[in-house]
Structures are given as structure tokens and as C-alpha cells.
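Here's a structure for you.
The values are calculated or read from the model by the stated rules, or taken from the named source; none is laboratory data. Everything numeric here is computed off the predicted structure, so don't read it as measured data. Counting neighbours? That spans all protein chains shown, and the Cβs are built from the backbone with ideal geometry, glycine included.
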Protein chains: 4
Amino acid sequence: MKTFVMKSIGRVGFAEKPVPKPGPFDAIVKTTNALICTSDSHTVHGAIGPRENLTLGHEAVGVVHEVGAEVRGFRPGDRVVVGAITPDWGDPASQAGHSSQSGQALGGWKFANIKDGVFAEYFHVNDADANLAHIPATVADEAAVYCADMLSTGLMAAENAAIPMGGTVAIFALGPVGLMATAGAKLCGAGLIIGIDNVPRRLELARKYGADVTIDFSRQDPVAEVVQLAEGVGVDSAIEALGGDITFQNAVKVTKPGGTISNAGYHGGGEFVHIPRLDWGVGMAEKTIRTGLCPGGRLRMERLLRLVERGRVDPTLLTTHRFRFDEMAEAFEMMDEKRDGIIKPLILFG
Amino acid sequence: MKTFVMKSIGRVGFAEKPVPKPGPFDAIVKTTNALICTSDSHTVHGAIGPRENLTLGHEAVGVVHEVGAEVRGFRPGDRVVVGAITPDWGDPASQAGHSSQSGQALGGWKFANIKDGVFAEYFHVNDADANLAHIPATVADEAAVYCADMLSTGLMAAENAAIPMGGTVAIFALGPVGLMATAGAKLCGAGLIIGIDNVPRRLELARKYGADVTIDFSRQDPVAEVVQLAEGVGVDSAIEALGGDITFQNAVKVTKPGGTISNAGYHGGGEFVHIPRLDWGVGMAEKTIRTGLCPGGRLRMERLLRLVERGRVDPTLLTTHRFRFDEMAEAFEMMDEKRDGIIKPLILFG
Amino acid sequence: MKTFVMKSIGRVGFAEKPVPKPGPFDAIVKTTNALICTSDSHTVHGAIGPRENLTLGHEAVGVVHEVGAEVRGFRPGDRVVVGAITPDWGDPASQAGHSSQSGQALGGWKFANIKDGVFAEYFHVNDADANLAHIPATVADEAAVYCADMLSTGLMAAENAAIPMGGTVAIFALGPVGLMATAGAKLCGAGLIIGIDNVPRRLELARKYGADVTIDFSRQDPVAEVVQLAEGVGVDSAIEALGGDITFQNAVKVTKPGGTISNAGYHGGGEFVHIPRLDWGVGMAEKTIRTGLCPGGRLRMERLLRLVERGRVDPTLLTTHRFRFDEMAEAFEMMDEKRDGIIKPLILFG
Amino acid sequence: MKTFVMKSIGRVGFAEKPVPKPGPFDAIVKTTNALICTSDSHTVHGAIGPRENLTLGHEAVGVVHEVGAEVRGFRPGDRVVVGAITPDWGDPASQAGHSSQSGQALGGWKFANIKDGVFAEYFHVNDADANLAHIPATVADEAAVYCADMLSTGLMAAENAAIPMGGTVAIFALGPVGLMATAGAKLCGAGLIIGIDNVPRRLELARKYGADVTIDFSRQDPVAEVVQLAEGVGVDSAIEALGGDITFQNAVKVTKPGGTISNAGYHGGGEFVHIPRLDWGVGMAEKTIRTGLCPGGRLRMERLLRLVERGRVDPTLLTTHRFRFDEMAEAFEMMDEKRDGIIKPLILFG
């Protein structure tokens, strides 16, 4: 079968591999739609170390092709989505409620990390009954594929932010995760949602997804502006959706005493992430800092699909470009260079 | 000043009383809008025991008329809303996070219970800085007055229900509290909202407020229907918004193991409320039963006003009738008898 | 191998069965110590319906005899404990944090319910890596075996009670679960622990496990006494450890507004469990009712073993009688009739 | 009356001031016992900016001397303790459950910060009904005075650490707060408590207060040692009780994915506190960072007193030195220089 791989650090391309076989609890899925994630680019550039001929991609939907003997809930032909994170549910971390950390830190992240990813005609899913979910007939593949990562991560960012009903929230960076965090803040009952970025298209999308106010940080000081909008005392909750040291510091600064900073961004560089000491109340202002990694699993996927099915959120506004799988190299390059205002490129399989 | 009082059990009417004076931390508010609550009827019929010439009403907005010497945040002329519950914030119950129970069980409920209520040209507010909130210029009195009780109680019902993001919820009884609980369930990120009643106007309003499905219990078995809609296993969360023993039992029945039953209704009769033993998993199915009483206080009111200001919910759809204060007797009688499909009657002061 | 079975409702006895074989993720354990539970008696008397030649028992420790090909963390010869509840960790209920409810209500309870139990020379454990735990060298089998159910259930009762640091708690019924709940309340930082029963030996043990005050309900009104001890307002938390309607009602009565009732008892009879309406604050006093079923799993067992290893609690004070496996019939009869002040009989295997 | 004041930055001494008078809700307390806190030294050295003739001290017990007209729960002659933090309970931050942040960040901290402290023959307490607590007859002044700050802060550190029942915890720095955090970890049900310091007397006290293992960081690498003790994966919870950047970093390093870092230390210097990026799981390992400031209020004090009364913790082991009030200058100097292995000096008033 045809796959799109990281050949080595900095090099990508197509490669032919055999169709995988399932273990007794696993499934093989025939891919129909996939999305490229910025973290695919990071991986190729070496963020997680060297890899050789590793199939890329972790966001996909498809049709079940084959299941192991012990799989009970899925059959060949079923339309399914799989979370980007496919935990080992029996692991102690999962038993403690942290399934994305099963096995080790970030250990639930397997696709295109410790095993082949989903940019392939077929891909392998561990523990199919626990990690796959059926796509309702009324939900299109293009919408369902956003559940795998963007919706799960973005909504998690809002859930971790502990936004009180009617509370105030600021979201730093409005890429796809920040935009879904914006939608998530609205779904969490926020009373004032402030989005911060400097790309007009993103600011506009943020308003569509629920931002009441947007701040272009290239024109205004976002910290001063957020605090002023939040009655001078700061917001209840701040979301960091970039993985930047400055956005993280700003998130701490704009949060009121007793509030929560929810970090969703992957911090890719530097020895330290910096907490501004005085704004953190010298370690006594009850500002909680939480982090998370894209929740996976059947239950999570079913709940996200329900939100899409019932029209609570339309993630497909994020799709700015469409490619056939055989145009993957071009799509990847465009995403890599963030050309043409790209937000999410959708990949259509044969 | 003119007031509308409970003269004795079963008897209401107008009475003349002096305008109240504030203590050092208190305020006197000149009423502009008020709402009649079903519990006003209950009170008149003796639900909380005998009262003599007690001014009725606990839902009102107005303009600050006078403040005590120690009040810092409010001045005569300010447009304000006051929660139906006006807690003593220093009480141990408030320190424990249960301000509606300050002093004793339900002790935060003072208006038309242990002191005169708001159906008067002027009313008294204890601890003004903690219990009043400014109404934003863009929010009309008619909308703001719903924050006092209906929005606070209805949204509390949904918050207490611990609805997971994308989860399923069933709401038993769609009076004004149930309808605001429906809006609340949507604001909490529910993925499937099921409303149950038998009055067409209420079922229709429930769909406007966010119910995905409504069930007319006079035509269908609500328990079987809800369980079937919730994939055969039951809903994550059920809300009881009536105070009925049967609706409470049904709420327990439709909730899945591990789910939450949120009781918002006032249970007015009988020695016991009944938990169906087997549906409760013989006391081991991890079905949590929570209750609450309309949260009050400045912070709560400000947050609710923010939701109204930003268009997250429009409570004024509940207003079915309007009366002048001098038509209070007629309004009260209509509410008492639930005539003419009445949901909430708005009372306009001179 | 030799097993002790329920032959039919009301009849027990020994039976010969083949040593079980493990599936790829399972283990077979050679039993060394077991405990009889009151629920074994209930089962024999028909509480969960008819069963034929079902091996009884769910509390045991032993030595690993054989493991499936996919088991990574355990090898033949390892000393292990297994929780009474052995969940399916990938099930949606487990993903939601309610593993004891996996599959269906109480579905994690498999031993002596939907498969053979542990009163046998060998027993089978599903998902060994997730459901077994190694016993530290310094912990005796007799102590470790209490982790399976008594410690897990009793401490859960205290954890579910949401006891504030320094808070007050009342525990209704001081059988083995109530006694471990007493120890649990102390481990949760309770400032005043009140134990209620009428058996002197139990009251004495409760004081050893941390009860500051004990009440003999045959001599004093427990409700009045608890409320008075709790400064007239009631306790923060009440634990029901019997499964009785009256103890449940009393638990609701003695709990202050805003407090928590934790039900650990199995309610074996009646159509309803009764909530006293007025003491429940007519459904508005913020008294939360929680329930649970003995948490299982490797992580839980490891944590409980740590408490035993470090001397935080000594469960072996519960052992009142000791029997060899071939004396099982006698032990069972004694437990069934609660003769000779029996609390827990320890069964020693060859 | 005689008071001990900060005359200006770096200068302390006695000063004569008039006995304060209470407002309607306030009380005046005649001091019997007080404790010097390291933060008193910090204040004198300029940590919170210049002050002129400010009475120092925030840890004291005494006898009520006079109460305002509206005080209901206290009378002259009552033995009382007052929390170091005396919140404004009606403030929005208090309504949100963050009373120590009332008014502004750390705004509940009034004694020796924004008003005169307790190193005086008499001191003033705002909102006496909400901020004072009666001392039980069986609790000595010397024990009760620890509730004001050391017990409240130390136990908070453990409560914020979200230690699971039977979980593992590491405590960095074993001054009085760290030692009370050690006692707190035991009260929270920790199964393994590891204390880290380099002063033998403190390590020994830590073992008395519940540490199972102590690490002398001058002899061993505390990070490697803690991780190894915690089965190679790290502890569930880490407590920072110093306010040091290195101890904070170490706390993040030793915490497992999904665990909690509880910061109780006052971070006195530097622009930033540093999160080690990789050990923080690049912002995705679900390691939560919480902070807090000594909870105050009547309810908190009553609960802490209960723990002392029932023998759950004996804080008086911290008292290493005793002085009369007229020896205050000497006591302060000794504390300032941490001479003679001083932990807490008790000050006895006439």
C-alpha cells in the first residue's frame, strides 16, 4: 500500500509498505479523510528525534477493513474515527484518569511517534473496541476527522481552563487549536471570550466560533487590553494555544487571583518556560496552571461526534485547502511553510 | 409606600408600609421590574408556615435609592439586580462554599421568607456590596430581572448535573426553571438535550432553548424513551425541575451508572422522597444525587448578566404576560391558577 | 482442583473442577489466603439470583501460577493480590472514571457473580497487568488480602464522603466495611469521627481504628447524639456502611446543609430507599448523596498495599477467626450466622 | 499599649500606641501567645516595600477584650485564635472560593501588611464573627497559636497537592511550613512521604511528623532519589515549601505525569520562576501547578483546632525557643539570623 513517510530528519516522501495485520484486539482501517497537523511538520524537522521511514499523520477517519478475533464492537465496513491518542487503558496512568500519559509521559501518542501513522491507505488501531468510534450517518467524514485531534485538544483546552458559568476567558493564539478552544469556551458557558492573534483570517474565524472580542497583538498590547476588558482584575481563565514562552507569560499575567491558566500548546524550545514571579502572586495568588494532551478513546470520540452531529460546533470552517492523497507532498510543503493563509488541509483518499 | 403582601395563609392584598432605612452596609432599592414565582404561591398557601402581612416576591431589579455609610460599590441612581438569595457571606456555611445555606438550611433565602420581599415600591438589601450587581447599559430591566432566580436556579441545575462535554442530559419538567436548565445544559456543552413535559408551549420553548428532542410524557413513556435515545445505557445527567416524587424517581432511572442526578425542584409534600432501589444500583452504581438552592451574590449576578449581555441566552422568552404593579392581585391569581398558559408574568413599577 | 461452591440457592459445598487456563492477557493464581465476605452469604441466599455450582469468594491473595502470552508485569511465582472488582479498563464506563461499572451497572464485579470466584486452589484473573498487584516482601498475606475488598471499599466510603480537613464525620454500622471506613476517615484528615453500632466488640475496634466517640444506638438516639456532638448543626459527612434504610435515613438527617452522605452499603431489599424530605432540605439543602462499589485495579491495590506497608492502617485486627480451606463449610456457616462475634474469618490454603 | 514595630526598612523596636477600638463588626483581642514568622523578617528587610512604625506579627491567640455592637458570637473574656489571613468575606474573590485573595492578590493578608499586626498587647480583628474562633478548653494557647498560620499553610500545601489515598509525595524544604505539610500529607492519606532538607534537626522532626523517608540534599541528589523511591515514575504530588527556584524546579522534575505540584513557598526574588520544559512534558504531561495563601476564617480555624484537640497533630514540637514579649528584640534577631537551630520562637505576653 501507499504511505507518506518521514524518511529521515527533514525528508519526506511516499513509500510502499504492506497492509498491516491486526492483533486479536486490533483493527485495520482503510483511510478516507485525513488532516495534516503542524506537529507533523515539527516531527519531520526533528522535534521528537530521528525516525526512519515512519508513516506520518495522526488525524484520520475511514472504514474498518479487518478486525482481530476479540473485537466486539466493530466490523468491516463500519465508518469510524480514531483519536490521535490511542491509550493503553489498563495502564496505571489510565487508571488514574490520565490515559494520554499511559506507559510514560505523552505515552498515549503512538501514531507517527512510536508506530506508523495514518497517512497511508490503511492504518492499524490498537484496542479497537476502546479506541474507535462509529461515525453517525448524518456526520460527514470531513467533519468527523476533526474529532481526532483538533476538537479533542481545543475543547480540552477550554475544559482544563475551569471557566466558571458566565466567566471571562482569554485565548492566546488562534491557530486550529486556539479556534477550537474558542468554540470550547463558548460550549463551557463563558460569558466573555477574548481571542488574541495577529492574522486577520484567524481573528475573523475566532469571532465566528464565539469570540466576543478579538485583539490583534500587532496593534494593541494584549495584556493591558485583556485586563481592561476583564474589569481591571483579569480573566477567570486563560488558554495558551501556541506553545510560546511569551504567550504563556501573558496568560499568567492576564489571569486574576484564583484563576486558571490552561496550557494546550506544545513548548518546542528552550530549557525553561518562564512564570512571571510577581504576576504569579509570588507563588501565592492561587493561579493554577494546568496542561493536557489531546484526550483519546471511544467515549471521547462519541461525545465529540455528538457535538458535531447536533450542530453545536462546525469544525469544517477550519478546512482552507483540499488535496488528493497523491498530492500529499505539495500539501505537506504548504502546511510546513504556512503558505496561502492555510489553516487545515484536508487530504482525500481514493 | 405600596406593597403587596401575604396577609395570612391563603390571603393576599396591598398594604401600606414605610419606606425601609438601610443599616451601614445595606441598600434600599426602588423597584422597576419584578417577576412572580410559583414559590410565591406556595408561600401564600402555607408551604413555609404562617406569615402576617409579609411582603411577597424575591425577583426584582430597580434603582438604588439610598445606601448605608459603609457601602462602597453602589450609589443612588445605579441600576441594579439583587439575587433572590442574599447570603451572609461571613457565615461558616458561606466559608464552606454553600452560601445559600448561610445561617441554617436554606438560610440565604430571606426575601418573603424571614423579611419583607420585593413586591413593593422600595425594598431593603442586606450587605449591598456583596449582594447587588450593576446592570450593564445594554441589558434591559426585563432581561436582568431573570438573573435573580430563574437564570441562577436553572443554570445551577445544569452545573450541578456535572454534564460532560458532549454528554447526554434529560430534563424533567419544563417550567421556567426547567427551561433555564435546558439553556444551561446547552451552555454546559451537552451533546444531547432531552426535555420532558406535557404542555406543548413549554416543549416548543424547550426546543428554542436548546433541547434536541422533547418528549410529551402524556404520549410516551419518558423513561423508556430517554434510555433508548441515550444508546440504551441511560444519560450522563438528569435534572429534576419540578419537585415531584415521580419525576425524581424517573431521573434516577434514566441516569447511567456513574452519572449524576441534579435536583432543582422544591419537594413540597410527603414524608419521603423515594429512590428506586434497583435503578440506583442497590446503592453501588455511582449515581450521585445533588441538590441546590439558587446561588446569590454579586459575582453570580455579574456572571449571569454577562451571559445575557453577550446574547448567550435570552430569558425574556419566558415572559408570557405583563402587568402594572397595581394589577398585582390579578397577576397573582393568574399565576396561582396557571391560567392562560402563563409561564412568567412581568410586573412593571411606575 | 478443589473449590467451594454455591450449588444452588441455599446450598454450598466442595466441588472438583479443572485448573483454569489463561487467555493471552490473563493469569492463573494459586490461592494462599482468602476471606469470607457477608456478600458471599447474600449470594448463597439468592440476592443475585440463581447460580449453579458457582465457585464463591472474591477476596484472595496468592502466587502466580501461569500467565498468558501477552502479560508483561507478572511471572509465575510472584506474590499477588487481586481486587474483588476486576474491571474491563477499555470500557466506556472505565474511560469515564467509573471502572467498577464497566460493561453494565456493577459490571466490574465478576468473581462469584458472572464467573467462578476465589474459594478454590487456583483462580483466573482477567487482564492481569491491569488487575493484579505485587505484594511487598514486608507485607504478610493476611494483611494484603484485606486490600481486595475491605480496605478498598471502606476507604472509598471515606473518600466519597468528601470529608474536609478537620471536618466531622459519622459512620453508621461498624462491620468490617464500617471499621475500614473509620480508618479511612482518619486517613482523610477528619477532625471528629463518630462511630455508631450496638456490638461492644465493634465499638471497641472502631475506637482503635480512629473513632473519637462511639454511640451504642441501643442505648442512645444516634441522630440526636451526632447532631449534638457536631455543634448542633450536623456533620460534614456521613457514611452508610450497612445497606439499611434506617441507617441511610439517619445519615441524611445528621448531615449539615452542604454536607455529603456516602453510601457504601448494599441495599438488599425493598422497592425504595427513603430520603427524609424535610431533613434533605426539601431538595435544596445541598446535601449530596454519593455511592460506590469497591474500586479495583492494579493502581488501587498498589496504593492500599503502601498504606499497609507503611503502617498507616492494620486491617488484620479484623481477623477474628482462622480456618483451613477444608474447614470452609464450617467457616461459611459461622459467618452466615454471625456466630461467636465473628468479624472476618481468614481462610488458609495448603 | 506596648507594640513591637518595623520603624523603617531594616529597623525594628518597641513603640507605644493607643489600644485600638472596634468598629461595629470588629473585635479587640488581648494577646497571650504569639509566634514570629520568617515572613516578619522578610517584611522588615523590605520584601513588601517601606512601612513606618507598622506593628509586626500575624500569628497570635488571646482573650477577647472588646467587641463591636454587631458581633454575635464572641464576648469579652473568650479565648480565641485569629487566622493570619482575615478575609473580606463578601468580596467577589471570596464568593469565588478564594478568600485569601479578597480585595486584590493576597488581599486577605492584612496583619503587618496593610494594618497593624499582633505583636502588641492588644490587636484589632475585622469581621470578628467570621474571622475569630473559640479555643476549646483542652487546647493550650501554645498549640492553638499554630493554627493561625503554620498549620493552616502547611496543611493547605498538602491539600492542594491532591495526594491520592495511598499516593506518594515529596516535600521540598522542612522549615515549619514544610514540617506541617509533612503532617498534612499524612492527614491526607499519603502512602509514602519523602522529606527533603539538609538540617538534621528538621529531618528528624519530619520523621516524627510522618515522613517515611528523609533525604539530606547535601549528601544525595534529591531528584534521582525521589524518583527511584517512587518506582522510577515519580511521585503523585510534590510540595514546594521554601519559595526557591531550584526547589520548585525539582518539584516539577520528581512529579509523575498526571501529578500535582503544590507551591506553598513565597518566591521572594528574581523576575521569573522557572518551569523545566522537558520535565514538564513540553506543556502536555498533565502536571498541574497549584499555589495558595494560608486559608483564614472561623471555619478553617475551628477545623484546625479540632485536629489539635483530638491529637491528630501536635504542632508544639516546632517550638524551639520561648521569650517574654519584652525580649522581643532578642527573639526577632535570633529568628532573623536563624541562630541556634531555631524553628519557631514562642512569645509569651504578660
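Of the conditions (1) part of a loop (DSSP other than H, G, I, E, B); (2) within 8 Å of chain B (Cβ to nearest Cβ); (3) in contact with a Gly (Cβ under 7 Å, 6 or more places away or on another chain), C:PRO257 fails just one. Which one is it?
(1)
Please enumerate the residues belonging to segment A:326-350 that are acidic (Asp, Glu) and either in contact with a helix residue (DSSP H, G or I) (Cβ under 6 Å, 6 or more places away or on another chain) or outside any helix (DSSP H, G or I) (or both).
In the first step, residues of segment A:326-350 are kept if they are acidic (Asp, Glu); the result is A:326-327, A:330, A:333, A:336-337, A:340.
A:ASP336, A:GLU337, listed by residue number.
To continue, here is another question. For residues that are assigned to a helix (DSSP H, G or I) and in contact with a strand residue (DSSP E or B) (Cβ under 8 Å, 6 or more places away or on another chain), scanning just segment B:205-222, find the one that is nearest to the other protein chains (Cβ to nearest Cβ).
So in segment B:205-222, the residues assigned to a helix (DSSP H, G or I) come out as B:205-209, B:222.
Checking which are in contact with a strand residue (DSSP E or B) (Cβ under 8 Å, 6 or more places away or on another chain) leaves us with B:206-207, B:222.
Numbers: B:ALA206: 15, B:ARG207: 12, B:PRO222: 19 Å.
The extreme case among them is B:ARG207.
Per-residue answers, yes or no, for (1) within 17 Å of B:PHE4 (Cα to Cα); (2) of a type outside the set (Asp, Glu):
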{"residue": "B:ALA27", "(1), (2)": "no, yes"}
{"residue": "B:VAL44", "(1), (2)": "yes, yes"}
{"residue": "B:GLY49", "(1), (2)": "no, yes"}
{"residue": "B:ASN53", "(1), (2)": "yes, yes"}
{"residue": "B:HIS65", "(1), (2)": "no, yes"}
{"residue": "B:GLU70", "(1), (2)": "no, no"}
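Now for a separate question. Can you pull out the residues in segment B:63-79 that are surrounded by fewer than 24 Cβ atoms within 10 Å (Cβ to Cβ), more than 14 Å from chain D (Cβ to nearest Cβ) and of a type outside the set (Asp, Glu)?
At the first step, the residues of segment B:63-79 found to be surrounded by fewer than 24 Cβ atoms within 10 Å (Cβ to Cβ) are B:63-66, B:68-79.
So of that shortlist, the ones also more than 14 Å from chain D (Cβ to nearest Cβ) come out as B:63-66, B:75-79.
Answer for segment B:63-79, where residues must be surrounded by fewer than 24 Cβ atoms within 10 Å (Cβ to Cβ), more than 14 Å from chain D (Cβ to nearest Cβ) and of a type outside the set (Asp, Glu): B:VAL63, B:VAL64, B:HIS65, B:ARG75, B:PRO76, B:GLY77, B:ARG79.
Provide a single number: the residues in segment C:28-55 that are under 27 Å from C:VAL177 (Cβ atoms), of a type outside the set (S, T, N, Q) and surrounded by 20 or more Cβ atoms within 10 Å (Cβ to Cβ). Working first, answer last.
Looking only at segment C:28-55, we keep the residues that are under 27 Å from C:VAL177 (Cβ atoms), and these are C:29, C:31-51, C:54-55.
From what's left, of a type outside the set (S, T, N, Q): C:29, C:34-37, C:40, C:42, C:44-51, C:54.
Pick out the ones that are also surrounded by 20 or more Cβ atoms within 10 Å (Cβ to Cβ) and you get C:29, C:34-37, C:40, C:44, C:54.
Summing the residues that are under 27 Å from C:VAL177 (Cβ atoms), of a type outside the set (S, T, N, Q) and surrounded by 20 or more Cβ atoms within 10 Å (Cβ to Cβ) in segment C:28-55 gives 8.
May I pose another question? Determine which single condition A:VAL227 fails, assuming it passes every other condition in (1) within 14 Å of another protein chain (Cβ to nearest Cβ); (2) within 20 Å of the chain's Cα centre (by Cα).
It fails just one condition, (2).
For segment B:88-162, please list each of the helices (runs of 4 or more DSSP H) lying entirely inside it that holds at least 1 residues being buried (at least 24 other Cβ atoms within 10 Å of the Cβ) and within 14 Å of chain D (Cβ to nearest Cβ).
Values: elements: B:92-95, B:128-131, B:141-144, B:150-160.
The helices (runs of 4 or more DSSP H) meeting that bar are B:92-95, B:128-131, B:150-160.
Considering only segment A:175-204, state which residues are in a strand (DSSP E or B) and small (Gly, Ala, Ser). Lay out the reasoning, then the answer.
Applying the first criterion (in a strand (DSSP E or B)) to segment A:175-204 yields A:192-197.
Result: A:GLY195, single match.
Which of the residues spanning segment A:5-22 are part of a loop (DSSP other than H, G, I, E, B) and either out of contact with any strand residue (DSSP E or B) (no Cβ under 9 Å at 6 or more places or on another chain) or exposed (fewer than 15 other Cβ atoms within 10 Å of the Cβ) (or both)? Explain how you work it out, then say what you get.
At the first step, the residues of segment A:5-22 found to be part of a loop (DSSP other than H, G, I, E, B) are A:9-10, A:17-22.
Selection gives A:ILE9, A:GLY10, A:PRO18, A:VAL19, A:LYS21.
Okay, moving on. Of the numbered conditions (1) within 20 Å of the chain's Cα centre (by Cα); (2) not assigned by TED's automatic domain parsing to the domain that holds C:TYR266, C:THR138 satisfies every one except a single condition; which is it?
Result: C:THR138 fails condition (1) only.
Determine, yes or no, whether D:SER218 is hydroxyl-bearing (Ser, Thr, Tyr) and surrounded by fewer than 19 Cβ atoms within 10 Å (Cβ to Cβ).
Details: hydroxyl-bearing (Ser, Thr, Tyr): yes; surrounded by fewer than 19 Cβ atoms within 10 Å (Cβ to Cβ): yes.
In short, yes.
Ok, one more. Does B:ALA264 satisfy the criteria of being in contact (Cβ under 8 Å) with a residue 12 or more places away in the chain, surrounded by fewer than 24 Cβ atoms within 10 Å (Cβ to Cβ), in contact with a strand residue (DSSP E or B) (Cβ under 7 Å, 6 or more places away or on another chain) and among the small types (Gly, Ala, Ser)? Don't jump to the end; show me each part of the working.
Values: in contact (Cβ under 8 Å) with a residue 12 or more places away in the chain: yes; surrounded by fewer than 24 Cβ atoms within 10 Å (Cβ to Cβ): no; in contact with a strand residue (DSSP E or B) (Cβ under 7 Å, 6 or more places away or on another chain): yes; among the small types (Gly, Ala, Ser): yes.
For B:ALA264, the condition - in contact (Cβ under 8 Å) with a residue 12 or more places away in the chain, surrounded by fewer than 24 Cβ atoms within 10 Å (Cβ to Cβ), in contact with a strand residue (DSSP E or B) (Cβ under 7 Å, 6 or more places away or on another chain) and among the small types (Gly, Ala, Ser) - is not met.
Residue by residue through segment B:97-124, note down the ones that are in contact with a Leu (Cβ under 6 Å, 6 or more places away or on another chain) and either more than 27 Å from D:PRO295 (Cβ to Cβ) or acidic (Asp, Glu) (or both).
B:ALA112, B:GLY117, B:PHE119
Still on this structure: Quick one: which of C:GLY46, C:GLY57, C:GLY62 is assigned by TED's automatic domain parsing to the domain that holds C:PHE123, part of a loop (DSSP other than H, G, I, E, B) and closer than 17 Å to C:THR86 by Cβ?
Going through C:GLY46, C:GLY57, C:GLY62 in turn, just one is assigned by TED's automatic domain parsing to the domain that holds C:PHE123, part of a loop (DSSP other than H, G, I, E, B) and closer than 17 Å to C:THR86 by Cβ: C:GLY57.
Continuing with the same structure: Quick one: is C:ASP236 away from chain D (no Cβ under 14 Å) and of a type in the set (Asp, Glu)? Break it down into steps so the answer makes sense when it comes.
Values: away from chain D (no Cβ under 14 Å): no; of a type in the set (Asp, Glu): yes.
Answer is no for this residue.
Which count do you get for residues in segment C:276-303 that are β-branched (Val, Ile, Thr) and either surrounded by fewer than 24 Cβ atoms within 10 Å (Cβ to Cβ) or within 14 Å of chain D (Cβ to nearest Cβ) (or both)?
Residues of segment C:276-303 that are β-branched (Val, Ile, Thr), as a first pass: C:282, C:288-289, C:291.
Among the residues that remain, those that are also either surrounded by fewer than 24 Cβ atoms within 10 Å (Cβ to Cβ) or within 14 Å of chain D (Cβ to nearest Cβ) (or both) are: C:282, C:288.
Residues flagged as β-branched (Val, Ile, Thr) and either surrounded by fewer than 24 Cβ atoms within 10 Å (Cβ to Cβ) or within 14 Å of chain D (Cβ to nearest Cβ) (or both) within segment C:276-303 amount to 2.
Then there's this: Looking for whichever is away from chain B (no Cβ under 14 Å), in contact with an Asp or Glu (Cβ under 9 Å, 6 or more places away or on another chain) and touching a residue at least 60 places away in the same chain (Cβ under 8 Å) here; the options are A:GLY175, A:GLY167. Which one fits?
Working: A:GLY167 fails: away from chain B (no Cβ under 14 Å).
Unique residue meeting the criteria: A:GLY175.
Tell me which residues, restricted to segment C:48-105, are over 21 Å from B:PRO164 (Cα atoms), of a type in the set (S, T, N, Q) and touching a helix residue (DSSP H, G or I) at 6+ places or on another chain (Cβ under 7 Å).
Within segment C:48-105, C:THR86 is the sole residue that qualifies.
Look through segment C:326-345, keep the residues that are out of contact with any Leu (no Cβ under 6 Å at 6 or more places or on another chain) and among the basic types (Lys, Arg), and return whichever of them is farthest from the other protein chains (Cβ to nearest Cβ). Before you say what the answer is, go through the steps one by one.
The first filter runs over segment C:326-345 and keeps only residues out of contact with any Leu (no Cβ under 6 Å at 6 or more places or on another chain), leaving C:326-342, C:345.
Narrowing further to those that are among the basic types (Lys, Arg): C:338-339.
Numbers: C:LYS338: 21, C:ARG339: 26 Å.
Per the stated criteria, the residue is C:ARG339.
Checking B:GLY166 against (1) assigned by TED's automatic domain parsing to the domain that holds B:TYR266; (2) in contact with a strand residue (DSSP E or B) (Cβ under 8 Å, 6 or more places away or on another chain); (3) not aliphatic (A, V, I, L, M), which test does it fail?
B:GLY166 satisfies every listed condition except (2).
Please specify each residue of segment D:304-325 satisfying the condition of being part of a helix (DSSP H, G or I), touching a strand residue (DSSP E or B) at 6+ places or on another chain (Cβ under 9 Å) and facing another protein chain (nearest Cβ under 10 Å). Spell out how you get there, then give the answer.
Within segment D:304-325, the first condition is being part of a helix (DSSP H, G or I), and the residues that meet it are D:304-309, D:315-318, D:325.
Checking the rest, the ones that are also touching a strand residue (DSSP E or B) at 6+ places or on another chain (Cβ under 9 Å) come to D:304-306, D:309, D:315-316, D:318, D:325.
Correct list: D:LEU304, D:LEU305, D:ARG306, D:GLU309.
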